[in-house]
Amino acid sequence: MKVSDILRIKGDTVQTVLSWNTIAEAATRLAGPPAIGALVVSDDGRRERVDGIVSERDIVRRLATDGAGLLDLTVADVMSRHVVTCAPEDSLAEAMGLMNRWRHRHLPVVDGGRLVGMISIGDVVKQRLAEMSTEAGVLRDIYLASH
């Protein structure tokens, strides 16, 4: 199973934000609808590049130090600039490895430098559970057929 398989199921819609938007605006976008856990920062407005990522976790951590004044800061003040990405042809195991290694819950999917989707740890777990269910069914059928 590949990252592209998840995108085929969930779609390639990615919520983006501009680096000069306020954290208040970003928080409103995260709250939805649809409720999401992270926004890709892409200042070109065409998804041609990934400039950063801002997640609920980033905002909460800054809230602990900046208090309510955080809401007036810009996304650029809070976003992660080092963005770990994956490619559509990456396996789910590779994507899970990246998420685990870097402790990220969201991975932008980039193909040829262009943002083509976003996967979350929830997407990966959901797909893995579906695979495990299928495997269990096949094993059960083999067992029943042999007895």
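In the range 9-147, taking the dipole from charged Cβ atoms about the Cα centre, the farthest positive-side position among 50, 92, 129 is held by 129. Taking label positions 7 Å along the Cα-Cβ direction at both residue 12 and residue 72, the computed distance is 4.1 nm, reported to one decimal.
Taking only DSSP H segments of four or more residues, each worth -39500 (n - 2.57), what value at 222 nm results for the chain once the sum is divided by all its residues, to the nearest 500 deg cm²/dmol?
On the way: 6 runs with 69 residues, N = 147.
Dividing the helical sum by the residues of the chain leaves -14500 deg cm²/dmol.
Net charge in the neighbourhood of residue 62 (other residues with Cβ under 13 Å of its Cβ; Lys, Arg +1, Asp, Glu -1) is -3. What angle do you read, to the nearest 10 degrees and between 0 and 90, between the alpha-carbon axis of helix 121-146 and the longest principal axis of the chain? It works out to around 0 degrees. The radius of gyration of the Cα set in the range 39-147, together with its Dmax, comes out at 19.1, 68 angstrom. Per atom type, the range 1-97 shows carbon and sulfur on 54% of its accessible surface, probed at 1.4 Å. Among the protein heavy atoms, those of residue 82 account for about 120 Å² of accessible surface (1.4 Å probe, every chain in place).
Enter the angle in degrees (range 0 to 90, nearest 10) between the Cα long axis of helix 56-66 and the first principal axis of the Cα atoms of the chain, meaning the one along which they spread out most. Compared with the principal axis, the helix lies near 30 degrees.
A 1.4 Å probe run over the protein chains yields, for the chain, 59 Å² of accessible area per residue, whole-number rounding.
Ranking 115, 21, 139 by how far each Cα lies toward the positive end of the dipole of the chain (charges on Cβ) leaves 139 at the top.
Using alpha carbons only, how many angstrom separate the centre of the range 29-102 from the centre of the range 106-147? Cα centres, the range 29-102 to the range 106-147: 24 Å. Once all protein chains are placed together, residue 49 keeps about 110 Å² accessible to a 1.4 angstrom probe.
A simple spin-label model places pseudo-atoms 7 Å from Cα toward Cβ; at residue 31 and residue 60 they are separated by 1.6 nm. Placing +1 on each Lys and Arg Cβ and -1 on each Asp and Glu Cβ, with no other charges, gives the chain a dipole about its Cα centre of roughly 240 debye. Residues whose amide H falls under 5 Å from that of residue 41, counting only those 5 or more places apart or on a different chain, are 17, 51, 52, 53, 54, with hydrogens built in the peptide plane. Ordered from largest to smallest accessible area (heavy atoms of protein chains, 1.4 Å probe), the residues 59, 142 come out as 142, 59.
The values are calculated or read from the model by the stated rules, or taken from the named source; none is laboratory data. Since the model is a prediction, treat every value here as computed from it, not as a measurement. In this analysis, Cβ positions are derived from the backbone assuming ideal geometry, glycine residues included, and neighbour counts consider all displayed protein chains. Quick note on the areas: whole protein, heavy atoms, side chains included, nothing else; ligands and nucleic acids left out. Shrake-Rupley method; radii C 1.70, N 1.55, O 1.52, S 1.80 Å.
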